[in-house]
Amino acid sequence: MPGRHESRVERQIREAQERGEFDNLPGAGRPLPGHGGTYDENWWIRDWVRRENLTGIGPTSLKIRKEAEELPERLDRESSEPAVRALVTALNERIVLARRGLVDGPPVVLATFDIERVVAAWRERRARRPGTG
């Protein structure tokens, strides 16, 4: 382009393109992850945890949210109602602490679990599984 000044950065990019350094990059030609889905304000945290394989570490409030999401699967591994009640009670206590801002991490807006409803749902799932009852 005659008369156009090329900055140092632009020159480095052009030279890298000419050398083919941008060819065959991972994800080339594919849509951006999450494009078209619902917006999650914590997308960058979830992406970072996934990318860095940081499951099991991180802010306490995020661990609590994850526990709440996985509660039914966790409870399905329990074989007694007292164990189910103890798990739900302990999680509810951590949720209350998180809602009060007494744990590290982003704010938590989870409701506590109704123990009787959770136990009833656990009983139903357990009754439907073969070999239990």
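The values are calculated or read from the model by the stated rules, or taken from the named source; none is laboratory data. Treat the numbers as computed from the prediction; the structure is a model and nothing was measured. For neighbour counting, all protein chains shown are included, and Cβ atoms are generated from backbone atoms with ideal geometry for every residue, glycine included.
Within region 42-81, being modelled with pLDDT under 90 and assigned to a loop (DSSP other than H, G, I, E, B) holds for N42, E52, N53, L54, T55, G56, I57, G58, P59. Scanning region 100-127 for residues that are farther than 30 Å from E41 by Cα and either at pLDDT below 90 or in contact with a Lys or Arg (Cβ under 8 Å, 6 or more places away or on another chain) (or both) turns up just one, V119. Sort out which residues of region 1-34 are out of contact with any Asp or Glu (no Cβ under 9 Å at 6 or more places or on another chain) and under 27 Å from G105 (Cβ atoms), and write them in order of number. L32 - this is the single residue of region 1-34 that is out of contact with any Asp or Glu (no Cβ under 9 Å at 6 or more places or on another chain) and under 27 Å from G105 (Cβ atoms).
Scanning region 50-78 for residues that are small (G, A, S) and touching a residue at least 24 places away in the same chain (Cβ under 8 Å) returns G58, S61, A68.
The listed residues are L91, L97, and the only one of them that is out of contact with any Gly (no Cβ under 6 Å at 6 or more places or on another chain), modelled with pLDDT of 95 or more, surrounded by 12 or more Cβ atoms within 10 Å (Cβ to Cβ) and not polar (S, T, N, Q) turns out to be L91.
Taking the criterion of being in contact with a helix residue (DSSP H, G or I) (Cβ under 8 Å, 6 or more places away or on another chain) and not in a loop (DSSP other than H, G, I, E, B), the residues of region 101-133 that qualify are I115, V118, V119, A121, W122, R123, R125. Whenever a residue of region 5-24 is part of a helix (DSSP H, G or I), its partners that are not polar (S, T, N, Q), lying with C-beta atoms within less than 8 angstrom and at least six residues away or across chains, give the pairs R14/E6; A16/F22. Selection of first residues in region 90-112 that are on the phi > 0 side of the Ramachandran plot and of second residues that are surrounded by 13 or more Cβ atoms within 10 Å (Cβ to Cβ) and part of a loop (DSSP other than H, G, I, E, B), restricted to Cβ pairs under 6 Å at least 6 apart or on distinct chains, gives the following pairs, ordered by first then second residue: G105/P59. Looking across A98, A90, one residue alone is part of a helix (DSSP H, G or I), within 16 Å of E69 (Cα to Cα) and in contact with a Pro (Cβ under 9 Å, 6 or more places away or on another chain). It is A98.
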